[in-house]
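K.L.:
Questions regarding the structure given below will be posed in turn.
The values are calculated or read from the model by the stated rules, or taken from the named source; none is laboratory data. Model, not experiment: these values are computed from the prediction. Don't worry about glycine lacking a Cβ; one is built from the backbone with ideal geometry, like all the others, and counts go over all protein chains shown.
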């Protein structure tokens, strides 16, 4: 009987070890069907506020309203190539309740869409390719900002 318990324990430890090696991302599932992946290599850290899940990595910080979360789990996934280039591209940032666009194509249009594809707002970059866009009129939903070939997803708070 001891041999069986020992072998079962050894087998269980081996299975758990293999499962842990296969997982390489934290996956956040939202109730609207969206899924976001955060690589273990980026050291994801999950904390909670009274209303939000806050996921912080070495590259970004994202807030998800708890009411819109379906589940959070570890998974094995192939991360898309080229994500580092987009994340390191400092054309978009947030400052004082506004979305700041810098270094875009001068005088080009910036469109803000809902995730369902409805055009919410449209702005024109100035002669330097910059704009400061207030997010005050946007509700706490996810939006997509598009400027030519550059696309940026954000959640208005």
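K.L.:
Could you run through segment 109-128 and say how many residues are in contact with a strand residue (DSSP E or B) (Cβ under 6 Å, 6 or more places away or on another chain), under 27 Å from residue 55 (Cβ atoms) and in a loop (DSSP other than H, G, I, E, B)?
P.N.:
Going through segment 109-128 one residue at a time, the tally reaches 1.
K.L.:
On to the next question. Run down 142, 131 and say which single residue is modelled with pLDDT of 80 or more, under 24 Å from residue 66 (Cβ atoms) and in contact with a strand residue (DSSP E or B) (Cβ under 8 Å, 6 or more places away or on another chain). Walk me through how you get there before you give the answer.
P.N.:
Numbers: 131 fails: under 24 Å from residue 66 (Cβ atoms).
Testing whether each residue is modelled with pLDDT of 80 or more, under 24 Å from residue 66 (Cβ atoms) and in contact with a strand residue (DSSP E or B) (Cβ under 8 Å, 6 or more places away or on another chain) leaves just 142.
K.L.:
Looking at (1) surrounded by fewer than 14 Cβ atoms within 10 Å (Cβ to Cβ); (2) at pLDDT 85 or above; (3) closer than 18 Å to residue 31 by Cβ; (4) out of contact with any helix residue (DSSP H, G or I) (no Cβ under 9 Å at 6 or more places or on another chain), which is the only condition residue 43 fails?
P.N.:
Only one criterion in (1) surrounded by fewer than 14 Cβ atoms within 10 Å (Cβ to Cβ); (2) at pLDDT 85 or above; (3) closer than 18 Å to residue 31 by Cβ; (4) out of contact with any helix residue (DSSP H, G or I) (no Cβ under 9 Å at 6 or more places or on another chain) is unmet by residue 43, namely (3).
K.L.:
Can you name every residue in segment 54-67 that is surrounded by 13 or more Cβ atoms within 10 Å (Cβ to Cβ) and in contact with a helix residue (DSSP H, G or I) (Cβ under 6 Å, 6 or more places away or on another chain)? I'd like the intermediate steps shown before the answer.
P.N.:
If we filter segment 54-67 for residues that are surrounded by 13 or more Cβ atoms within 10 Å (Cβ to Cβ), which is where we start, we get 54-57, 59, 62-65.
Passing the criteria: 57, 59.
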